[in-house]
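Visitor: Pasting a structure below so you can have a look.
The values are calculated or read from the model by the stated rules, or taken from the named source; none is laboratory data. These figures come from a predicted structure and were not determined experimentally. Here the Cβ positions follow ideal geometry from the backbone for every residue, glycine too, while neighbour counts run over all protein chains shown. We work out accessible area using only protein heavy atoms, side chains counted, and drop any ligands, DNA or RNA first. Shrake-Rupley method; radii C 1.70, N 1.55, O 1.52, S 1.80 Å.
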Amino acid sequence: LLLLCYTEEEAVIVSGLKNIDVFAGESATFTCELSQPGVKNVQWWLDGSPLHNNFVTEISEQDGIIHTLTLNDVACHDSGTVTFRAGSLISSAKLLVKGISLLE
């Protein structure tokens with residue numbers, strides 16, 4: 001009989017969000033990697049407003065470790081601070097959406 005005893009270590013952010021600059025109409029993808037799966041209360045925010053999975057906002061996770069947010073067809077007014085929160089862990093980055101200038 002083998003008993004496996006382990007203490008539940010706190011997950012940490014292995015790779016946090018990075019600032020992204022895109023042009024209007026493009027998509028922006030933010031990725032955050034955690035040290036282990038099973039973290040509860042995972043939520044994405046843009047300028048303090050919670051984001052939900054829909055056709056414009058794609059939220060996914062891989063193996064419970066890699067959390068990804070893709071904002072599709074962004075507009076200039078989408079510029080702001082993107083925040084990933086998982087339990088007590090927080091990572092933030094800036095999204096800058098640039099307009100396309102018609103002036104040559």
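Visitor: Leaving out ligands, DNA and RNA, what percent of the accessible area of the chain is carbon and sulfur, probe 1.4 Å?
Guide: In the chain, the share of accessible area belonging to carbon and sulfur is 54 percent.
Visitor: Can you give the alpha-carbon Rg of the chain over 2.2 N^0.38 Å, where N counts its residues?
Guide: Rg over 2.2 N^0.38 Å, computed on Cα atoms: 1.30.
Visitor: With a sphere of radius 14 Å drawn around the Cβ of T68, what net charge do the other residues whose Cβ falls strictly inside it have (Lys, Arg +1; Asp, Glu -1)?
Guide: Here the count lands on -3.
Visitor: Moving on to the next point. Over the chain, with the other protein chains present, what is the accessible area per residue in square angstrom, probe 1.4 angstrom?
Guide: 68 Å²
Visitor: Skipping prolines and chain starts, which residues have an amide H placed within reach, meaning under 5 Å, of the one on Q36, given they are 5 or more residues away or on another chain?
Guide: V12
Visitor: Any idea what the dipole of the chain comes to, in debye rounded to 20, about its Cα centre with Lys/Arg Cβ at +1 and Asp/Glu Cβ at -1?
Guide: Value, rounded to 20: 180 debye.
Visitor: In whole Hz and in residue order, list the ³J(HN,Hα) couplings for the range 60-74 that follow from phi through the Karplus curve 6.51 cos²θ - 1.76 cosθ + 1.60, θ = phi - 60°; x for Gly and Pro.
Guide: 9, 9, 10, 6, x, 10, 9, 10, 10, 10, 10, 9, 8, 6, 5
Visitor: Select from I90, T68, T57 the residue farthest towards the positive end of the dipole of the range 13-98; place +1 on Cβ of Lys and Arg, -1 on Cβ of Asp and Glu, and compute about the Cα centre.
Guide: I90
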